[in-house]
1. Name, by its number, the condition in (1) surrounded by fewer than 14 Cβ atoms within 10 Å (Cβ to Cβ); (2) part of a loop (DSSP other than H, G, I, E, B); (3) not polar (S, T, N, Q) that does not hold for Ala498.
2. Only one residue in Val551, Val566 is assigned to a loop (DSSP other than H, G, I, E, B), at pLDDT 95 or above and under 30 Å from Glu264 (Cα atoms). Which one?
3. Within segment 372-427, can you find the residues that are in a helix (DSSP H, G or I) and more than 30 Å from Glu130 (Cα to Cα)?
4. If you go through segment 431-452, how many residues are outside any loop (DSSP other than H, G, I, E, B) and farther than 30 Å from Glu377 by Cβ?
5. Are there any pairs, at least 6 apart or on different chains, whose C-beta atoms fall under 7 Å, with the first in segment 281-308 and on the phi > 0 side of the Ramachandran plot and the second assigned to a helix (DSSP H, G or I) and of a type in the set (Gly, Ala, Ser), and if so, which?
6. State yes or no: is Val416 in contact (Cβ under 8 Å) with a residue 60 or more places away in the chain and buried (at least 19 other Cβ atoms within 10 Å of the Cβ)?
7. Provide a single number: the residues in segment 557-579 that are touching a residue at least 40 places away in the same chain (Cβ under 8 Å), surrounded by fewer than 17 Cβ atoms within 10 Å (Cβ to Cβ) and of a type in the set (D, E, K, R).
Amino acid sequence: MADKQEAFETFDFDLEPIRGFPELRWTGKRAFTATQFFPAQRKESYGDPVGGWMNKLFWGDNIQVMSHLLRDFRHSVDLIYLDPPFDSKAEYKKKVRLKIGKADGDQNSFEEKQYNDIWGNDGYLQFIYERLVLCRELLSPTGSIYLHVDWHKSSHIRLILDEVFGAGAALSQSSPGFRNEIIWCYSGGGVPTNELPRKHDNLYWYTKSSEWKFNAVYRAYSEGTLQRGRTAVKGENAKLREDGTPVNDWWSDVKKITSPTDPEKLYYPTQKSEELLERIVQMHTDEGDLVFDCFMGSGTAQAVALKMGRRFLGADINLGAVETTTKRISAIVSRSASGGIAIDDTSTWSKAGFEVYNVNDYDIFRNPVEAKELIKEAMELQPLPTSSVFDGQRDQFLVKIMPVNRIATRQDLNEVISGLDYKKFERMRAEAPSKVVERIMLVCMGHEPDIGPELVKAVKPDNIEVEVVDLIRDKANLHFKRQSDAKLVIKDGHLEIAGFYPLNLLQKLSMDTDAVEDWRQLVETIKVDWNYDGAVLSPELIDAPDKNDLVSGRYPIPDDASTIRVKITDLLSESWEGEIENG
């Protein structure tokens, strides 16, 4: 993936001016006309390439992932499916439970936050806008993009899509951009007492140009409809009627995963059914086409793409999503998948392996929901009053922790600027005109290069000092979480895990290591590379049992094994890696 090229590169976008339709405006809106190249590091490899191709999963901020992908995949993606945050003002959690634990209790289970869907001011709209611009650059000339939203921001999203891709059918059937709004209807769940139940989502379909790929999908008639058709229509037409009716733009026949007994259910919040993605992939791609989802969650789009013989790219900022998807896809690659749609074994592309990458060394945070508290602890920040816009104080600096799930931008400075104590500045300047009146530290997970000078410029004539700490660059001296520990031994020709102690998980369970009956209760997967090359983990053995089944922890060693690398992933999706020499 362009390892020998320059580490950074700028890409310019040539968006046509807006004509003939409304433009959505929001506080702090700014054009997104260039981005920076971010490097990626290949960490894991599963299966074998097909025709030189390996599918790819990325862990990182998707704006960084897409900036990385532009170098090799610009105008190359045939279908993009996005299921982004909905600005639902909710926290999404996953139930974490000890395997084969005793009765459900505080000590045996807890809810782990996966991500916050809570946004301040209009930051959500800028977040979506910038990512759609990058999606447009990745999409092929005949490609389609689907954006999945609900009632919270659907009207806003429609206008942003019109701006980035074009109004399409709203202007003429031959115009690029908007093609259709699909209503996905479903039932189940609670019923409010004072309003209508909300039982549908919106799927916006847009195209890159005035030419697009479309394969008609037919839905079978009911038996009653078929019988009426046989009676009313004779001859060859009767046979054609039995093929079904073309799928229209409201879908009531596609399931929503709600039941805890659903074989697809992975207990990952916001998981969508394979049936939904199967229909979209079938309509807009052919065998070997490239499918991309940069909010991949549990990996439904990637799983469906592989099973249907398509190539895929996927990305997520949440490590739990990456681990869940890796487990799901590796099971398909090894042909041990169960449930869902069948694998198309006639397709060469269904046999392709995949690789897992980190983008920009994004290995600090397992869960961005907890990142702020972890940073406070790691930087030993002194607390400030809850009314302060700042998150703490370090030495003489007021510290503001910028958003950790994306690059910090100039727009993010608005909250800092509005929270400054200008009366204090005036008093201090009167007492000592030549001295600095305030020192501010911005802590970022990547940032626009001029973010520090912009803050200084914004508060002139006050004399402030600004220091920017980039955790991606400066993480070496920070420690963000308790480390796991494990012990590997070789005994009687077998690799044995003699013990595993995930300290962060044990703390959340409020348990000591002695309180766990069997360390395997804490483990999600064990992966073993019998001949580790020192750089990329290529598991030849994957022990990933279902639900409450336990990993083995003891494995026969092949005769040709040399350096054995082991990756143990716990119930929090945090991993320990270590190695042992065979002989």
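1. For Ala498, the exception is condition (2).
2. Working: Val566 fails: assigned to a loop (DSSP other than H, G, I, E, B).
Going through Val551, Val566 in turn, the sole match is Val551.
3. First pass over segment 372-427, keeping only residues in a helix (DSSP H, G or I): 372-379, 410-418, 422-427.
Passing the criteria: Glu377, Ala378, Met379, Tyr422, Lys423, Lys424, Phe425, Glu426, Arg427.
4. Just the residues of segment 431-452 that are outside any loop (DSSP other than H, G, I, E, B), to begin with: 431, 438-444, 447, 451-452.
Going one step further and asking which of them are farther than 30 Å from Glu377 by Cβ, we end up with 431.
Selection size over segment 431-452: 1.
5. Within 7 Å, the pairs are Gly297/Ala321.
6. Details: in contact (Cβ under 8 Å) with a residue 60 or more places away in the chain: no; buried (at least 19 other Cβ atoms within 10 Å of the Cβ): yes.
So Val416 fails the test.
7. 2
Each row is one residue, and each column tells you yes or no for (1) touching a Gly at 6+ places or on another chain (Cβ under 6 Å); (2) of a type in the set (Ser, Thr, Tyr); (3) crowded, with 24+ Cβ neighbours inside 10 Å; (4) more than 22 Å from Leu147 (Cα to Cα).
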position	(1), (2), (3), (4)
Ser298	no, yes, yes, no
Val304	no, no, yes, no
Ala315	no, no, yes, no
Ser330	no, yes, no, yes
Asn358	no, no, no, yes
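The values are calculated or read from the model by the stated rules, or taken from the named source; none is laboratory data. What you are looking at is a predicted structure, and each value in this text was computed from that prediction instead of being measured. Using ideal geometry, Cβ is built from the backbone for each residue, glycine included, and neighbour counts are taken over all protein chains shown.
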